[in-house]
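A short worksheet on the structure shown next.
Quick note: the coordinates plus some simple rules give every number you see, no bench work behind them. Just so we're clear, the structure is a prediction, and the values are computed from it rather than from any experiment.
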Amino acid sequence: MSSAPTTPVSAQPIRGSIIEAEIKISVSPAFPLPLVSGLYAIEAGDGIWLCAYYGSNRSVFDYLPQKGADFDEKTAGITFHSRQRIAKDEYRPELWEQFKKSRLMTFKAE
């Protein structure tokens, strides 16, 4: 995980602009439903939220937020499984890359 200082997860919904997004759909013959991982960096106020969504509901796949979109967690229709806040002045591209490597979830090829 990151060694950068973080703020504890807040109960407040996240609102801001998506500055980075990585969406990966993974399928496996061993599972009846695909798996989607949605990883986001959302600029909100004076911080950046690194968030991860995982799901298998196909009806959500086409509506996942994309890079550049405004985001409001209350109306997005998805719930993040993990979220980590980093102060805006401490955010670096390396943190985003590390977050993607540690949080991207896919089916293993067999």
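Observations, loosely collected:
- Once the Cα-Cα distance is subtracted from the 0.36 nm per residue extended length, the Lys24 to Glu94 segment shows a gain of 23.2 nm.
- Long-range Cα-Cα pairs in the stretch 16-103 (distance over 22 Å), rounded percent: 25
- Calculated mean residue ellipticity, 222 nm, the chain: -3500 deg cm²/dmol, from DSSP H runs (n ≥ 4) at -39500 (n - 2.57) each, averaged per residue and rounded to 500.
- Principal-axis tilt of helix 93-103 within the chain, Cα atoms, nearest 10 degrees: 40
- With semi-axes defined as the square roots of five times the eigenvalues of the C-alpha gyration tensor, the equivalent ellipsoid of the stretch 40-82 measures 19, 11, 9 Å, largest first.
- Calculated on alpha-carbon atoms, Rg and Dmax of the stretch 60-110 in Å: 13.7, 42
- One decimal place: the segment His81-Lys67 gains 3.2 nm when fully extended, by the rule 0.36 nm per residue minus the C-alpha distance.
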